[in-house]
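A short worksheet on the structure shown next.
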Amino acid sequence: MCDHWLRTNAAEESVSALEMASQSLSNVKKDLYQWKWAIPALHSSLQGFMVMALEGSNGLNCLKDKVADEWLARYRAGEYEKLDLDIFTLIIRN
């Protein structure tokens with residue numbers, strides 16, 4: 001059994017994606033195909049930074065309203081479950 005796991009967090013993911021975008025954009029003159037990797041990397045980085053900025057201290061602000069309400073009710077009852085992020089375009093509208 002493997003004891004090695006990749007552990008990460010939102011800040012590491014966002015910075016890493018931004019670095020990947022920079023690396024891809026640096027290579028666009030040599031290889032135009034690098035745009036294919038730069039665009040999703042920029043999207044991933046932007047989404048990560050936006051979630052960190054908007055999530056609030058309890059992390060519930062980026063969840064769908066129904067999911068956040070249900071999670072909070074369960075939390076108050078002593079039950080816990082995995083959080084499910086809302087759709088990115090809906091997060092930034094709030």
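For the reader, a short list of remarks on this structure follows.
- Test: residue in the stretch 36-45 that is without any contact (Cβ under 8 Å) to a residue 24 or more places away in the chain and surrounded by 15 or more Cβ atoms within 10 Å (Cβ to Cβ): yes
- Of all the residues in the stretch 1-24, those that are modelled with pLDDT of 95 or more and hydrophobic (A, V, I, L, M, F, W, C) number 5.
- Cβ separations smaller than 7 Å between residues 6+ apart or across chains give no pair from the stretch 1-25 residues that are in contact (Cβ under 8 Å) with a residue 24 or more places away in the chain to residues that are among the charged types (D, E, K, R) and surrounded by 13 or more Cβ atoms within 10 Å (Cβ to Cβ).
The values are calculated or read from the model by the stated rules, or taken from the named source; none is laboratory data. Quick caveat, the model's predicted, so the values are computed rather than measured. Counting neighbours? That spans all protein chains shown, and the Cβs are built from the backbone with ideal geometry, glycine included.
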